[in-house]
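Participant: Next up is a structure, given as structure tokens.
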Amino acid sequence: MPIRANLLSNYPGFATRDLAQARDHMSRLFGATRFEAAQNGVERSGVRANILRLNEVCLIWAQFKGPLRLSFGEGSFVRQYFTVSGKGRFSAGAQSGEISVHSPSPVIPAFTPVDLEFEQYNQLVLRIEYKALKRYLGVLLGQDLSKELGFHHNAANPALNSLRRSVFLFVSDYNARGKNLSDLVTAETERMLTMKFLMSNWHNYTTSLLRQPPRSAPSAVRKVEEYIEANWDKPIDIETMALIANVSARSLFREFKRDRGYSPAAFAKQIRLNRAREMLEQADGPSVIQIAYKCGFQNPSHFAKDFELAFGELPSETLKRLNGRRT
């Protein structure tokens, strides 16, 4: 009887009913130093895991219907667990806590061994490289970080529920369309998830992020708009934009909102919609879905709605109207 996975099913890792194989897979794919489960439980329900590796973000779904003990060595990434069902506990250095369906787990620090115990294991695990978090945080604040980044968990933090929804939506969308997405879309979705993680989890720089950013020169917004217009088919590079504007990313975002009424991402979307319309007007051009992916849209149906809002008709209607003229 085949073992079915229900998350990240298009990115299979392994599925087995053999304890030794499960232990080997967990060690080889995920760096587990311990995997303890009952042999009869593995034979009965199986162990399964799927894995999506991006550039600096990795998402893992794993399931085992029974008690399980896991250990991992030091890693260059932080971990956060999003429970589908079951519950457990973790211990990482001086930090420990519960893992349950009620909210995302505390952020498990990088470069620290971790021990886990579960009554039932059905988890989505988000791993983000620590160096990426520090880099993005430095860009947001417009400064080099003087202290190491440390997270403080508060299960009552309402932003955690928003993060949970975003993570599961990301997994659902990427599982359905990820293999068709352009490098542009992949890079931008990874960046957005990383930023969401930084803004949702409390850490020792959260207070600085919440402070009003300093004003920037009026020319900063136009410089960035020119950069986006010239590089519309490349990922929106926050670091480069902040460098061009000579301000922190937070200051840049505020100036865009104040002077233009939209964000750099919204401006980039409009530029890409314009390019998509130009592509549709080409004879024998790419299909609507190909154009959506090429122009940086992850979801073709969302692309169609954005296109209709911008131009008053669906891309398929634009294509049909232009084809009617040509014939």
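The values are calculated or read from the model by the stated rules, or taken from the named source; none is laboratory data. Because the structure is predicted, anything quoted here is derived from the model rather than measured. Using ideal geometry, Cβ is built from the backbone for each residue, glycine included, and neighbour counts are taken over all protein chains shown. For accessibility, only protein heavy atoms count, side chains too; no ligands or nucleic acids. Shrake-Rupley method; radii C 1.70, N 1.55, O 1.52, S 1.80 Å.
Participant: Please express the Cα-Cα pair-distance distribution P(r) of segment 166-264 as a list of whole percents, one per 10 Å bin, running from 0 to the bin with the greatest distance.
Facilitator: Values per bin, smallest distances first: 14, 38, 35, 14, 0.
Participant: Among P315, L181, F30, whose Cα projects farthest towards the positive end of the dipole of the chain, with charges put on the beta-carbon of Lys, Arg (+1) and Asp, Glu (-1)?
Facilitator: Working it through, the farthest residue towards the positive pole turns out to be P315.
Participant: Check each of the trypsin sites (Lys or Arg not before Pro) in segment 203-293 and keep only those in coil by DSSP with at most 15 other C-beta atoms within 10 angstrom; list them in order.
Facilitator: Here the trypsin sites (Lys or Arg not before Pro) that fit, given the DSSP loop and packing criteria, are R211, R215, R260.
Participant: Here is a further query. Can you pull the one-decimal nm distance between simple spin-label points at S45 and S172, each 7 Å off the Cα toward Cβ?
Facilitator: Each label point lies 7 Å from its Cα, and together they span 2.4 nm.
Participant: Follow-up question, since we're still on this one. Report, to the nearest 10°, how far helix 183-200 tilts away from the longest principal axis of the Cα atoms in the chain, using its own Cα long axis and a range of 0 to 90°.
Facilitator: Compared with the principal axis, the helix lies near 60 degrees.
Participant: For S208 and A159, FRET efficiency with R0 = 22 Å and r from the beta-carbon atoms, rounded to 0.05?
Facilitator: Taking R0 as 22 Å, the efficiency between A159 and S208 is 0.85.
Participant: Would you please report the Å³ per residue occupied by the convex hull of the alpha carbon atoms in the chain?
Facilitator: 149
Participant: Carbon and sulfur atoms: what percent of the 1.4 Å accessible area of segment 59-166 do they account for?
Facilitator: 48
Participant: Continuing with this model, one more query. May I ask for log10 I(q)/I(0) of segment 19-59 at q = 0.34 Å⁻¹, from a Debye sum over the Cα atoms as equal point scatterers with solvent left out?
Facilitator: For segment 19-59, the Cα-only Debye profile gives -1.18.
Participant: Sort largest first and round to whole Å: the equivalent ellipsoid semi-axes of segment 56-113, each the square root of five times a Cα gyration tensor eigenvalue.
Facilitator: Semi-axis lengths for segment 56-113 are 18, 13, 12 Å.
Participant: Also: Using only Cα atoms, what Kirkwood radius does segment 85-151 have, in angstroms?
Facilitator: Evaluated over segment 85-151, this radius sits at 13.7 Å.
Participant: Taking the 0 to 90 degree range and rounding to the nearest ten, how far is the long axis of helix 264-280 tilted relative to the main principal axis of the chain, both from C-alpha atoms?
Facilitator: For 264-280 against the chain, the angle is about 70 degrees.
Participant: Something else about it: Full-extension gain between A310 and E239, please, as 0.36 nm times their residue separation minus the C-alpha to C-alpha distance.
Facilitator: 22.7 nm
Participant: Under the √(5λ) rule applied to the eigenvalues of the Cα gyration tensor, what semi-axes describe the equivalent ellipsoid of segment 1-143? Give them in Å, descending.
Facilitator: After scaling each eigenvalue by five and taking roots: 27, 16, 14 Å.
Participant: Pick from G97, G86, G261 the residue whose mean-square fluctuation is largest in a GNM of the chain, springs joining Cα atoms under 10 Å.
Facilitator: In the Gaussian network model the winner is G261.
Participant: Here's a follow-up. Report Rg(Cα)/(2.2 N^0.38 Å) for segment 1-70, keeping two decimals.
Facilitator: That works out to 1.07 for segment 1-70.
Participant: So what's segment 133-173 giving for Rg/Rh, alpha carbon basis, Kirkwood Rh from the mean inverse pair distance?
Facilitator: That ratio is 1.09, to two decimals.
Participant: Based on the alpha carbon coordinates of segment 184-327, what radius of gyration and maximum Cα-Cα distance (Dmax) apply, in Å?
Facilitator: Using the Cα atoms of segment 184-327, the pair Rg, Dmax is 17.7, 63 Å.
Participant: For the chain, with only Lys/Arg (+1) and Asp/Glu (-1) charged at the beta-carbon, what is the dipole magnitude about the Cα centre, in debye rounded to 20?
Facilitator: 400
Participant: List the pairs from K134/K269; K196/K269; K134/K257; K87/K305; K87/K196 whose alpha-carbon separation is above 29 Å, in the order I gave them.
Facilitator: K87/K305
Participant: Here's a follow-up. Compute the relative contact order of the chain as a whole-number percentage, counting only Cα pairs closer than 8 Å that sit 6 or more residues apart in sequence.
Facilitator: 13
Participant: Please work out the Cα center distance from segment 177-236 to segment 1-71, rounded to the nearest Å.
Facilitator: Between the Cα centres of segment 177-236 and segment 1-71 lies a distance of 33 Å.
Participant: Please identify, among N40, N122, N50, the residue showing maximal mean-square fluctuation in a Gaussian network model of the chain using a 10 angstrom Cα cutoff.
Facilitator: Result for the chain, Cα springs under 10 Å: N40 fluctuates most.
Participant: Also, quick follow-up: Multiply the residue gap between N323 and E98 by 0.36 nm, knock off their C-alpha separation, and tell me the result in nm, one decimal place.
Facilitator: Extending this stretch completely gives an extra 75.1 nm.
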